[in-house]
Amino acid sequence: MSLQTIPLHSFDAGAQAALNNPQVRRNFRQAMDGLMSKRAAAFADWELEPLRELGAAIRLRALARLPELLEQLEANLQKQGVQVHWAQTGEEACQIIRDICQARGAKSVIKGKSMVSEEMELNHFLEAAGIEALESDLGEYIVQLAEETPSHIIMPAIHKNTDEISQLLHEKTGTEPSHDVDYLTASARQQLREKFMTADVGISGVNFAVAETGTLCLVENEGNGRLTTSVPACHIAVTGIEKVIEKLEDVTPLLALLTRSATGQHITTYFNMVSAPRQADEKDGPEAVHLVLVDSGRSAIYQDEALLDTLRCIRCGACMNHCPVYTRIGGHAYGTTYPGPIGKILMPHLLGLEATQDLPSASTLCGACAEVCPVKIPIPRLLQRLRKEAVDGDSLRPSRVRGHGVKRHWRERLIWSVWRQIHARPRAYRWAGNLLTRLRGLMPKQLGGWTRVRTLPKPAARTLHQLMQTRDAQTKTAQEPRA
Amino acid sequence: MNQARAAILQRLRQGRPADFAVPESDFTVVRQRNWSLEERIERFQQKIESVQGQVHRVAEDHWIPVLIRLLAEHQINNLLLSENKAPAQALREQWHEDLPSLLSYQQPLEAWKETLFNQVDAALTSCRGGIAETGSLILWPDADEPRLMSLVPPVHFVLLQAKQIYATFDEVLREQAWVEQGLPTNALLISGPSKTADIEQTLAYGVHGPKALIVLLLE
Amino acid sequence: MSQALPPTPPTQVIFYATCLVDLYFPDAGLAGIQLLERQGIQVIFPQNQTCCGQPAYSSGFNDQAREVVLAQLEALAGDCPIVLPSGSCAAMMKHHYPELFAGTPQAQAIQALADRVWELSDFLLRVCQIQLQDQGQPIKVAMHTSCSARREMGLAETGPQLLDQLSQVERVEQARASECCGFGGRFSLRHADISAAMVADKAQALKAAGAERFVTTDCGCMMNIAGYTEKQGLGLPGQHLLSFLWERLNAEGQAPEEVGGRS
Ligand code: SF4
């Protein structure tokens, strides 16, 4: 059932596999239905629009001063004893982290949830360097045991049901098979506690990095994030450069939006704010704290006023929870670190359009994502933009996304130029319409995937143009208006 | 590394769209709560109980007997608590032999990690207040009440002064002047016991942190 | 979100058919025209209209879309409101035209055009304040509001409010009413299997709600869902909302085309 072997570019194969797997479809449908109703309930007594406006404004304000805020964040963190590193690529970030680990003679790393580390495949990199990297978020732990990748950015193991997880834990850790979620959870807790006590380094992500105070904020429910940032002697936080926000007061609205949008919680169990390593008189906490700021394509997105909206994202996952396509095919089908709507608008920048050319078209542009996005990212508009980039379809606005024009085939161009010839000339259009009505009996009965499940509509006997021409001629003679 | 820094910052500076329009940040929607003290208390209690937190409203001078009763109910054999804070001192003074033994976080974590992880049943900490809107407790761990007290033992007791329940986190930041005085090494909002829904969306408590969070609300 | 009402109800409108209504569902267009005329509004049908340009635009071919839009700009010249029997094409004109032409010499003219655009059921309900007297037999009907009508045009309540004026019509609500039916233009061909999974769920939800018929303001959704129900033999035909309303106002079984010819 595992889909992780599907290569990056094969969205179709991934989608096909998922659609043919009733278990996956049931798991996602149920999970997404639950998440949607929880979100709706969580915002029930809020004025949601002003809150989303505020969320969007905060993120835009941060992006407007991104380089300055990154410098401010760095200066404040350094003053407080946190070491700050910059990486242009995921690989550079991996190297930085490996070097920190090796300098400490670290053999094992415990990880809190971090999508950026997934993005750069940090675990594999560290393992190749002889450093064991263990995920500690329960969902990530399950996915790691199954040798898969997360299928959702908030709930990594959402594609599995209790049965499957029980079986997996049994096979990999010897846990007795059980349907009792408390039992399974307790068993995982036991396994991981040992690791927390012995791990040399803790690696976490960051939800918000507050420039004004030099504070790394982590949002979580389990407590594994707090253990990761508190128990090992060294904590390395890794995050994309866009996660910075200007002020501490910006946290309240963003947090209110994040947890409610993600899982319908009014807040998560822990909101963990890390500003410094252990001080001389303190008795726990890491003696060394590092922040690795990763660019990995983000500064390229920043070059374009419209595309830049992508960087507002606070990774709540609401867009995928509400996406009718994601709900049908699940996260693995996308073959990318970030699935769903956010993945479709982000991954083309991180990987280039060659590798992701099927993503922008895999949407009906229904707008459910943008409707719920807590920071009001106009996702359909960005998809539209990427479609345009994929075919270099706008001579007034040059394409700039890596790999643009990859879908500009001669056949596509021919179709649209014929289409334009007809529709830009009213007479040609009317002529074609008349022709269609006359050929209505000769229409093909099959049309690719359409007719596999549907009938094909028949052209009308007379177009509305024709009907109205007749009618207008008639009404010219009969003047009296009808009541 | 410095090269990466320079390159990233340069790309951002050069690429920044010229007329970057930023709308006003209107915070009205997260402010203007105007809840009375009683409303704040009720809301706090309702929110934290909705995520399995427990709240016991007790008179300020009566919390120790209540705690003793709760320790017995939870079959707790030892309790980790502060050495220096006033309530902890008061408790130590009133303690006697037959009650669970009292522990303190005297040495650095490394010196007693095994014990802390495997043998401590419960911890009692103070806090800097609560938040009504989200049912949260505000903790600033320090040398006397280190971070792991509120995380590693399976049961976490917290003393909360009712009059320190604020409406929102935003209000806390302003009234306690966090930015002005600077943040501690680690600051926390804790809203309920540790939990997960990673197995088929079924809630399970106590996954990595405490299974029970018990608030003694002092009035 | 809803469009500001004109100070005085207009006496004249331009009817923009949209290519799907023009070529496949002209009865819906005629029904719309007659509903307007019933309100005493004079309807102009410019013979030079073609397609709003959405097919090319949503495929990323902006250059081709722009040329077609310019032809519409010419065909739709004037001051009076432009009404469309489609939420999706109305949204294209209202919201996407200005984006497509931002920074071009035609930007202003395009914006003026966009400002005149109305989705027809919204126009009938709010501008004309239409009152519908139901002449039909009792029937259970479900409304499928298209995603563009719902989210881009903000018309989630419009269709239901019109249907609720009909005394013999019991409006049933399907589960997950706001979920997309899976049409999405070329999406239904390019990602046919995903689209098929979506339309199957939509059709089943409509059926499960007990609907005998579903109505919608968008022909794309209608082709998709009704094509599915027909092929699967679900016995759940679809109809354009305007055709349905017109039918209810007149003795059942009387086709709008015949009624139209009577004036
Ligand atoms: S795009 Fe919006 S909805 Fe999707 S994950 Fe990001 S913030 Fe959440």
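Considering each of C:Gln168, C:Gln161, C:Gln135 in turn, give the residue that is surrounded by fewer than 17 Cβ atoms within 10 Å (Cβ to Cβ) and within 19 Å of the chain's Cα centre (by Cα).
Residue meeting the stated conditions: C:Gln161.
Looking across segment A:259-271, just one residue is within 16 Å of the ligand (Cβ to nearest atom) and in contact with a strand residue (DSSP E or B) (Cβ under 6 Å, 6 or more places away or on another chain), and that is A:Thr268.
Pairs are defined by a Cβ separation below 8 Å, a sequence spacing of at least 6 or placement on different chains, a first member in segment A:364-380 that is touching a residue at least 60 places away in the same chain (Cβ under 8 Å) and farther than 12 Å from A:Val325 by Cα, and a second member that is part of a loop (DSSP other than H, G, I, E, B) and more than 10 Å from the ligand (Cβ to nearest atom); the pairs so defined are A:Ile379/A:Gly367. The helices (runs of 4 or more DSSP H) falling completely within segment A:322-422 that include 3 or more residues that are within 12 Å of the ligand (Cβ to nearest atom) and farther than 18 Å from C:Ser58 by Cβ map to A:340-351.
Each row is one residue, and each column tells you yes or no for (1) in the same structural domain as A:Gln265 (by TED's automatic domain parsing); (2) more than 16 Å from the chain's Cα centre (by Cα); (3) crowded, with 24+ Cβ neighbours inside 10 Å.
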position	(1), (2), (3)
A:Gly317	no, no, yes
A:Ile329	no, no, yes
A:His332	no, no, yes
A:Leu350	no, no, no
A:Cys366	no, yes, yes
A:Glu371	no, no, no
A:Ile379	no, no, yes
A:Gly393	no, yes, yes
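Among the residues of segment A:191-228, those that are part of a loop (DSSP other than H, G, I, E, B) and more than 16 Å from B:Lys113 (Cβ to Cβ) comprise A:Gly205, A:Val206, A:Asn207, A:Ala211, A:Glu212, A:Thr213, A:Gly214, A:Asn221, A:Glu222, A:Gly223.
Out of everything in segment B:78-99 that is part of a loop (DSSP other than H, G, I, E, B) and surrounded by fewer than 13 Cβ atoms within 10 Å (Cβ to Cβ), what residue ends up being modelled with the lowest pLDDT?
B:Glu97
Criterion first (touching a residue at least 12 places away in the same chain (Cβ under 8 Å) and more than 28 Å from A:Tyr270 (Cβ to Cβ)) does B:Ile68 satisfy it? Spelling it out, B:Ile68 is indeed touching a residue at least 12 places away in the same chain (Cβ under 8 Å) and more than 28 Å from A:Tyr270 (Cβ to Cβ). Scan segment A:108-127 for residues that are touching a helix residue (DSSP H, G or I) at 6+ places or on another chain (Cβ under 7 Å), more than 13 Å from A:Ser296 (Cα to Cα) and assigned to a loop (DSSP other than H, G, I, E, B) and the total you get is 2. Restricting attention to segment A:316-347, the residues being touching a residue at least 60 places away in the same chain (Cβ under 8 Å) and among the charged types (D, E, K, R) number 1.
Any residue in segment A:1-26 that's at pLDDT 90 or above and loosely packed, with under 12 Cβ neighbours inside 10 Å: show its pairings with residues that are in a helix (DSSP H, G or I) and not hydrophobic (A, V, I, L, M, F, W, C) at Cβ separation under 8 Å, as long as the two are six or more apart or on different chains. Close Cβ pairs (under 8 Å, with a partner that is in a helix (DSSP H, G or I) and not hydrophobic (A, V, I, L, M, F, W, C)) do not exist here. A search for C-beta distances below 6 Å between a residue of segment C:86-108 that is facing chain A (nearest Cβ under 10 Å) and any residue that is hydroxyl-bearing (Ser, Thr, Tyr) and in a helix (DSSP H, G or I), counting only pairs 6+ apart in sequence or on different chains, returns C:Ser88/C:Ser148; C:Ala91/C:Ser148.
Only one of the numbered conditions (1) in contact with a Leu (Cβ under 7 Å, 6 or more places away or on another chain); (2) of a type in the set (S, T, N, Q); (3) part of a helix (DSSP H, G or I); (4) at the interface with another protein chain (Cβ under 9 Å from one of its Cβ atoms) is not met by A:Thr310, and that is (4). Among the residues making up segment A:286-307, those that are within 23 Å of A:Pro398 (Cα to Cα) and either assigned to a loop (DSSP other than H, G, I, E, B) or among the acidic types (Asp, Glu) (or both) are A:Ser296, A:Gly297, A:Tyr302, A:Gln303, A:Asp304, A:Glu305, A:Ala306. For A:Ala276, the criteria (1) among the hydrophobic types (A, V, I, L, M, F, W, C); (2) in a helix (DSSP H, G or I); (3) surrounded by fewer than 24 Cβ atoms within 10 Å (Cβ to Cβ) hold in every case but one, which is (2). Every test in (1) over 27 Å from the mean Cα position of the chain (by Cα); (2) within 9 Å of chain B (Cβ to nearest Cβ) is passed by A:Asn221 save one, and that test is (1). Please pick out the residue among A:Gly202, A:Gly174 that is assigned by TED's automatic domain parsing to the domain that holds A:Val289 and buried (at least 24 other Cβ atoms within 10 Å of the Cβ). Testing whether each residue is assigned by TED's automatic domain parsing to the domain that holds A:Val289 and buried (at least 24 other Cβ atoms within 10 Å of the Cβ) leaves just A:Gly202.
Rundown of residues vs (1) more than 16 Å from C:Met93 (Cβ to Cβ); (2) of a type outside the set (Ser, Thr, Tyr), yes/no style:
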{"site": "C:Gln3", "(1), (2)": "no, yes"}
{"site": "C:Thr11", "(1), (2)": "yes, no"}
{"site": "C:Phe15", "(1), (2)": "no, yes"}
{"site": "C:Asp27", "(1), (2)": "yes, yes"}
{"site": "C:Gln34", "(1), (2)": "yes, yes"}
{"site": "C:Gly40", "(1), (2)": "yes, yes"}
{"site": "C:Gln49", "(1), (2)": "no, yes"}
{"site": "C:Gly53", "(1), (2)": "no, yes"}
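Scanning segment B:1-27 for residues that are among the polar types (S, T, N, Q), within 30 Å of A:Lys376 (Cα to Cα) and more than 7 Å from every other protein chain (Cβ to nearest Cβ) turns up B:Gln10, B:Gln14. How many residues does segment A:302-312 contain that are surrounded by fewer than 24 Cβ atoms within 10 Å (Cβ to Cβ) and within 14 Å of the ligand (Cβ to nearest atom)? Adding up the residues that qualify gives 5. Out of the residues in segment A:156-190 meeting the condition of being farther than 25 Å from A:Gly34 by Cβ and part of a helix (DSSP H, G or I), tell me which one is modelled with the lowest pLDDT. By that ranking, first place goes to A:Gln190. When segment A:352-364 is limited to residues that are within 16 Å of the chain's Cα centre (by Cα) and aliphatic (A, V, I, L, M), the one that is farthest from C:Glu152 (Cα to Cα) turns out to be A:Leu359.
Can you confirm whether segment B:102-116 contains a residue that is in contact with a helix residue (DSSP H, G or I) (Cβ under 9 Å, 6 or more places away or on another chain) and either more than 14 Å from chain A (Cβ to nearest Cβ) or of a type in the set (Gly, Ala, Ser) (or both)? Scanning segment B:102-116, I find at least one residue that is in contact with a helix residue (DSSP H, G or I) (Cβ under 9 Å, 6 or more places away or on another chain) and either more than 14 Å from chain A (Cβ to nearest Cβ) or of a type in the set (Gly, Ala, Ser) (or both), so the answer is yes. Filtered by the rule that a residue be at the interface with chain C (Cβ under 10 Å from one of its Cβ atoms), aliphatic (A, V, I, L, M) and closer than 22 Å to C:Met223 by Cα, segment A:424-479 gives A:Ala432, A:Leu436, A:Leu447, A:Val453, A:Leu456, A:Ala460, A:Ala461, A:Leu464, A:Leu467.
Yes/no per residue for (1) among the aliphatic types (A, V, I, L, M); (2) within 30 Å of B:Ala111 (Cα to Cα):
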site	(1), (2)
A:Leu248	yes, no
A:Leu255	yes, no
A:Thr269	no, yes
A:Ala280	yes, yes
A:Val289	yes, yes
A:Val294	yes, no
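The values are calculated or read from the model by the stated rules, or taken from the named source; none is laboratory data. Remember, predicted model here, so these are calculated numbers, not experimental data. With ideal geometry, Cβ positions are generated from the backbone for all residues, glycine too; neighbour counts draw on all protein chains shown.
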